[in-house]
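What follows is a short report on a single structure.
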Amino acid sequence: MRTFELGLVFGTTIGVGVGIILAMAIAWYIMYRNKRFDRSHDTEKVCPRADNHPIRIHGSDSSTALSDSNHSRDSPRTSEWSNMPQWLEGLRRKSVASACGIPKYSYKELQKATWNFTTNIGEGAFGPVYKAQITTGQTVAVKVLATDSKQGTMEFLTEVLLLGRLHHRNLVNLMGYCAERGLHMLVYVYMSNGSLASHLYNEKPEPLTWNLRVQIALDVARGLEYLHYGAVPPVVHRDIKSSNILLDHFMKARVADFGISRQEKTALHSSSDIKGTFGYVDPEYISTSIFTKKSDVYSFGVLLFELMSGKNAQKNLMEYVEFVALGVEDNEGWEEIADPRLEGKFDVQQLNFMGGLAYNCVNPVSRKRPSMREIVLALSEIRKPRNLETYRVITEETTFELDLQGTFDSSLTER
Ligand SMILES: Nc1ncnc2c1ncn2[C@@H]1O[C@H](COP(=O)(O)OP(=O)(O)OP(=O)(O)O)[C@@H](O)[C@H]1O
């Protein structure tokens, strides 16, 4: 019996010992592989998983009311993974690396492609933008994020992952990134016809035709509709304005500047955390500090008035709109606002419908504004000259009412 007990103790000790040695060997092997993975820069792609890392759709602003976009922050997996030892976290990253598929460019590649960063095409709040020709022969735009950025590389990569997931013909899609030498760069599709602002404000000789303006409005609406309803998690843009609408070779409009942290951007009031661009910011957001999809709708309404009037939103456009609205009655009167550069060449009915739609978008009460889905539907019908009657029927049947002086029935709308 005693011999049996001794054997049992001996056997257990050996078993535990072998188990510990085995576990240590496995841990060492995983760490070794992980290190090798981290070293292999050349083929590395962005790898943090959005559903495991808190995604700051637009900075660390916790007031964002778009609960869906904060979904990952509270997901059970976040806390599960955040307690993981570093070596296992590294292994997890490796396991999802191949799924990311966002090309990584080296600093040298982009340095060469931009002729040593001499091909500057503009400067935004994030930093300079360069035109570049990459090795495939494709022309791209390289946005260098400001070097004083407080954003860490991991946060940057998380955002790149989010941006890389967003693909739509009306978005300026991300083509790659670079995170090297303390610099963060984003590589975008090049938009050869510049910004909508540059076309509206006399920088280009030819004024935009009315039909093109309607098409641009619809393009932008579709891009925003995708961000609000097609993206997972949904994305609120937070800075819709004419300089963030870019035009491609075929004058197709695409929404730019979505999904990047806004903490570096100019706050409207130094004492508050309100972000956005003067002239476009939802007044309800200013008073509540809560940003919703409807805040994007407000900015889109301002953009529609900009398209109709050719007036700069940052130069008292909305005061002018309120003045013109006083003379609007029974769907008529918005023609007063028409851009003089159109020289009267526009469809009065279409312009009046667009005026009514825009006015609903800028309703001070956010829940009375239409959703981007409703806006796309309305603009698609406005665009078809013979379908204004159909448009009226659709708007009536879908319970919202395009009442120029009134508001949308909020039964279809949401925050
Ligand atoms: N993909 C692109 N293709 C062509 N030009 C671009 C592209 N992205 C940006 N630009 C140009 O670079 C300039 C700066 O753009 P950026 O988006 O950084 O700033 P912004 O939108 O003008 O201002 P802010 O950062 O305050 O919103 C703009 O003139 C824009 O037209």
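Just so you know, all these numbers are worked out from the coordinates, no wet-lab data involved. Predicted model only: the values in this text are computed from it and were never measured. Note: ideal-geometry Cβ built from the backbone for every residue, glycine included; neighbour counts use all protein chains shown.
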Practice task
Would you mind counting up the charge near E319? Only other residues with Cβ under 15 Å from its Cβ, with Lys and Arg at +1 and Asp and Glu at -1.
Solution key: -1
Handout entry: Interchain or long-range residues, amide H under 5 Å from G124's placed H
Key = V129
Exercise for the section: Note the full-extension length gain between Y320 and N193 as 0.36 nm times their separation in residues minus their Cα-Cα distance, in nm to one decimal. Expected result: 42.8 nm
Completion exercise
Taking the dipole of the range 98-189 about the Cα centre (Lys, Arg +1; Asp, Glu -1; charges at Cβ), the one of L161, V140, C178 that reaches farthest to the positive side is V140
